[in-house]
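The structure follows.
The values are calculated or read from the model by the stated rules, or taken from the named source; none is laboratory data. Values in this document were obtained by computation on a predicted structure and should not be read as measured data. Here the Cβ positions follow ideal geometry from the backbone for every residue, glycine too, while neighbour counts run over all protein chains shown. Keep in mind that these areas ignore ligands, DNA and RNA; they rest on the heavy atoms of the full protein, side chains included. Shrake-Rupley method; radii C 1.70, N 1.55, O 1.52, S 1.80 Å.
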Amino acid sequence: MQKKKMIVVQCWDDGVTTDARLTDLLRQLQIPATFNLCPGMYDKRARFGWIHKQTEVWRLGWDEMRSVYNGFTIANHSLTHPNLCDLPVTEARHEIAVARDRLQQFFGQPVMGFVYPFGAFNSTIMTLVKETGHCYARTTQPAEQSFPPANPMAFHPNCHFLSQDFWLQYENSRKWGLFYFWGHSYELISENLWQEFEVKLRRITEDPCSVWGELPQLFSGSDLTAT
Ligand SMILES: [Zn+2]
């Protein structure tokens with residue numbers, strides 16, 4: 001009997017200029033990914049955002065977005081990246097709903113996923129995300145969980161891409177049939193880290209018991225049994 005392959009999915013947050021190098025690499029290796037964007041945070045051109053470990057992080061500009069993300073899946077990370085739990089309900093709804101509309105219009109693709117800014121959510125926020133047309137919402141809590149998730153509005157990734165136990169979590173995930181990692185491309189602050197990440201990607205691609213998948217497809221009701 002043929003064994004089911006584990007589906008491997010990944011997503012990346014915040015829409016930063018290092019996503020251009022990441023999408024080039026993923027295109028070259030023919031690996032899918034989802035990018036979680038905050039459409040209220042970008043100018044026409046790239047602009048300075050903040051410092052991460054002595055390295056400048058720049059937000060992408062709208063001018064570059066279509067080419068950087070061409071061929072990849074876009075998900076909603078709110079309009080301006082607030083802690084949604086701190087906002088009045090009407091403002092939280094605005095952050096979630098307007099962002100989804102803008103992303104769908106700009107990229108011309110359905111936006112099915114949501115990612116909680118700062119990983120912050122509660123039952124009200126989960127309801128808003130569901131009501132505004134999203135079929136899953138990712139947290140930042142690493143967790144081993146069954147798939148499909150018990151609550152798609154609290155879809156926990158298995159681990160961060162730089163996690164020390166990345167491969168342990170990868171192996172542990174086989175019994176669920178899904179491995180989900182996430183990160184920010186601005187965390188790739190050295191050539192070493194880029195090389196290590198490429199090695200990870202290639203190792204997964206070469207694993208005959210795994211297959212790369214797209215996040216929205218997991219919730220599309222289509223057959224998940226990749227063989
Ligand atoms: Zn974020």
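Out of (1) more than 16 Å from the ligand (Cβ to nearest atom); (2) open to solvent by less than 30 Å² (accessible area, probe 1.4 Å); (3) within 24 Å of Ser78 (Cβ to Cβ), the odd one out for Thr124 is which?
With (1) more than 16 Å from the ligand (Cβ to nearest atom); (2) open to solvent by less than 30 Å² (accessible area, probe 1.4 Å); (3) within 24 Å of Ser78 (Cβ to Cβ) applied to Thr124, the lone miss is (2).
So Glu56 fits all but one of (1) more than 16 Å from the ligand (Cβ to nearest atom); (2) touching a residue at least 40 places away in the same chain (Cβ under 8 Å); (3) within 22 Å of Leu188 (Cβ to Cβ); what number is the exception?
Against the list (1) more than 16 Å from the ligand (Cβ to nearest atom); (2) touching a residue at least 40 places away in the same chain (Cβ under 8 Å); (3) within 22 Å of Leu188 (Cβ to Cβ), Glu56 comes up short only on (2).
When you scan segment 76-88, do you find a residue that is within 25 Å of Ser190 (Cα to Cα), within 16 Å of the ligand (Cβ to nearest atom) and either open to solvent by 10 Å² or more (accessible area, probe 1.4 Å) or touching a residue at least 24 places away in the same chain (Cβ under 8 Å) (or both), even just one?
No: zero hits.
All but one of (1) open to solvent by less than 70 Å² (accessible area, probe 1.4 Å); (2) modelled with pLDDT under 95; (3) polar (S, T, N, Q) hold for Gln54; state the number of the condition that does not hold.
All conditions are met except number (1).
For segment 57-67, give me the residue count where each residue is within 19 Å of Gln104 (Cβ to Cβ) and open to solvent by less than 60 Å² (accessible area, probe 1.4 Å).
3
I would also like to ask the following. How many residues does segment 94-120 contain that are open to solvent by 50 Å² or more (accessible area, probe 1.4 Å) and within 16 Å of the ligand (Cβ to nearest atom)?
1
Looking at segment 1-15 only, could you name the residues that are in contact with a Gly (Cβ under 7 Å, 6 or more places away or on another chain) and within 15 Å of the ligand (Cβ to nearest atom)?
Trp12
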